[in-house]
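My structure is below; once you've seen it, I'll send some questions.
The values are calculated or read from the model by the stated rules, or taken from the named source; none is laboratory data. Since this is a predicted model, take the numbers as computed values, not measurements. Here the Cβ is made from the backbone with ideal geometry for all residues, glycine too, and neighbour counts use every protein chain on show. What goes into the accessible areas is simple: the full protein's heavy atoms, side chains included, and nothing from ligands, DNA or RNA. Shrake-Rupley method; radii C 1.70, N 1.55, O 1.52, S 1.80 Å.
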Amino acid sequence: MKKFKFKYLLSLFIIIMAGKAKAQDWANLNKYKNENTILTTPVSGENRIVFFGDSITEGWETISPEFFSSAPYINRGISGQTTSQMLLRFRPDVIELKPKIVLILAGTNDIAENTGPITLQTILGNIISMCELAHANNIKVILCSILPAFDYPWKKGMNPAAKIEALNTMIIQYAKANHIDYVDYYSAMVDDQKGLKSNYSEDGVHPNKEGYLVMEDIVRKKLAKHK
C-alpha cells in the first residue's frame with residue numbers, strides 16, 4: 001500500500017511540474033509565434049534583416065517605428081531576456097524567418113543576473129552558439145556592442161560598467177578572429193563614468209528617441225556595406 005501511494009504521489013508530482021514548466025515558457029517562445037507564422041518566405045532581393053535582442057531592441061520599434069518600417073527589418077527583442085533565453089528561441093525567431101542578416105544585441109541582462117549568476121565567458125559562449133547556428137543556416141551575423149550602463153534601476157549595486165566594457169572587448173575579439181562584422185554603439189554613447197550619456201536615456205539603460213537616432217545612424221552605415 002505504501003509503495004502504491006509513493007508511486008501515485010510521484011506520478012502526481014511529475015504531472016504537476018510538467019504542467020508548470022509548460023505554463024512558464026521560460027524563453028517566451030510564444031511571444032512572436034503568431035507573427036512568425038504570418039511571415040512568408042522572403043522574396044528574391046528582399047534582404048530581410050532580424051534585430052535580435054532584449055528590451056533595448058524591443059523598445060526600439062516602439063519609440064522609433066519609422067526606422068523599422070523603412071526597410072525589411074524584423075524586430076525580435078524581448079524585454080528582460082538573457083542570452084540563455086535568446087539562444088533557446090534563436091531557431092523560431094531568427095533561423096525560421098530566413099533573414100539575410102541577424103544583428104545580435106545581448107548581454108546586459110546577463111550581467112544584471114536576471115536569470116541568475118553567470119560568467120562573462122558563459123555569456124560569450126551563448127553568443128558564439130547563436131553565431132554558429134546562424135552560419136550553419138547561411139545567415140550573416142553582425143554582433144553589436146552592449147550599451148554602457150553605470151547601474152541598473154531594477155537591480156541596484158551590480159556595478160555593471162566594468163563588466164560591460166570587458167564583455168564588449170571579448171565580443172570584439174571573437175568577431176575579429178572569426179571575420180564577423182561588429183557594430184559599436186558603446187563608444188558613441190558612453191559618458192565619463194562608463195555609463196549611458198544622460199541625453200540618450202531616461203533611466204541610464206534604455207535609449208530614448210535621441211539615443212535610438214544615434215544607434216540608427218551607426219547601424220545604417222554598417223548595413224549599407226552589406227547590400
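What does the charge dipole of region 91-205 about its Cα centre add up to, to the nearest 20 debye, if the Cβ of each Lys and Arg holds +1 and the Cβ of each Asp and Glu holds -1?
Values: 10 positive and 13 negative charges, 57 e Å.
I would put it at about 280 debye.
Among rounded, prolate and oblate, which fits region 160-227 when a ≥ b ≥ c are the square roots of the eigenvalues of its C-alpha gyration tensor, a/c under 1.5 means rounded, and a/b larger than b/c means prolate?
Oblate, because a/c is 1.5 or more while a/b does not exceed b/c.
For region 74-160, what class follows from the C-alpha gyration tensor (a ≥ b ≥ c being the square roots of its eigenvalues): rounded when a/c is under 1.5, otherwise prolate if a/b is larger than b/c, else oblate? Present the calculation step by step, with values, prior to reporting the outcome.
Details: a/c = 2.21, a/b = 2.02, b/c = 1.09.
Here region 74-160 falls in the prolate category.
From zero up to wherever the largest Cα-Cα distance of region 108-226 sits, split into 10 Å bins and tell me the percent of pairs in each.
The calculated distribution, bin by bin, is 13, 41, 36, 10, 0.
Please work out whether region 56-97 counts as rounded, prolate or oblate from its C-alpha gyration tensor, where a ≥ b ≥ c are the square roots of the eigenvalues and a/c under 1.5 means rounded, while otherwise a/b larger than b/c means prolate and anything else oblate?
Taking the square roots of the gyration eigenvalues as a ≥ b ≥ c, region 56-97 is oblate.
Can you give the log10 of the normalised intensity I(q)/I(0) at q = 0.11, 0.23 Å⁻¹, computed with Debye over equal Cα scatterers of region 120-183?
Here log10 of I(q) over I(0) equals -0.30, -0.96.
What value does the chain have for Rg/Rh, both radii from Cα atoms and Rh as Kirkwood defines it?
On the way: Rg = 19.5 Å, Rh = 18.8 Å.
My calculation puts Rg/Rh at 1.04.
Separate question: Ignoring ligands, DNA and RNA, what accessible area per residue does the chain give at 1.4 Å, in Å²? Can you show the working numbers first?
Values: 11930 Å² over 227 residues.
Computed with neighbouring chains in place, this is 53 Å² per residue.
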